[in-house]
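Reviewing the structure listed below.
None of the figures in this text is laboratory data; all of them are computed from the coordinates on show. Being a predicted model, the structure only gives us computed values, none of them experimental. Here the Cβ positions follow ideal geometry from the backbone for every residue, glycine too, while neighbour counts run over all protein chains shown.
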Amino acid sequence: MNQKTSAAFVGASWVALGAGMFGYLIGLWRSQMLLNEKGFYFTVLLFGLFAVVSLQKSVRDRIEGFPVTDICYGICWFSAILSIVLLTIGLWNATLLPSEKGFYAFAFLLGLFGAIAVQKNTRDSQEPTKKV
């Protein structure tokens, strides 16, 4: 089934990525946290975005029959889960208001979802390649 991705879904994916990522970053920029705390949360965001894009690619490659080693596949899953766990532990121990903790959690998850959806759309729009 080779159906073209709708422009609405592509647009919604980019909006989700932008809203999650930039909302999270603006919240970090405006926060009263120490610089090392801001650095931790910024690094967790970048790690999470990279992890879910890598995971989406490796899952898709396996579905399409491209070779993906078990170790690569496992590391992708481990990294994606670890980024969420790191954010959870960081927020659990942070001296932030519960509403701020919720804001960071939901912005982070929205950004991860948006990154997965944008990667999927990018992959769907490419010409099929030959299997190695």
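Worth pointing out:
- Restricting V44, V59 to residues that are out of contact with any Ser or Thr (no Cβ under 8 Å at 6 or more places or on another chain) and surrounded by 16 or more Cβ atoms within 10 Å (Cβ to Cβ) narrows the list to V59.
- Pairs are defined by a Cβ separation below 9 Å, a sequence spacing of at least 6 or placement on different chains, a first member in segment 39-60 that is on the phi > 0 side of the Ramachandran plot, and a second member that is crowded, with 16+ Cβ neighbours inside 10 Å and not in a helix (DSSP H, G or I); no pair meets this definition.
- Some residue of segment 72-84 being under 19 Å from G111 (Cα atoms), among the hydroxyl-bearing types (S, T, Y), surrounded by 17 or more Cβ atoms within 10 Å (Cβ to Cβ) and more than 12 Å from the chain's Cα centre (by Cα): no
- Members of segment 60-101 found to be more than 27 Å from G27 (Cβ to Cβ), assigned to a loop (DSSP other than H, G, I, E, B) and of a type in the set (A, V, I, L, M), listed by number: V68
- L110 falls short on exactly one of the conditions (1) surrounded by fewer than 17 Cβ atoms within 10 Å (Cβ to Cβ); (2) assigned to a helix (DSSP H, G or I); (3) in contact (Cβ under 8 Å) with a residue 40 or more places away in the chain, and that condition is (1).
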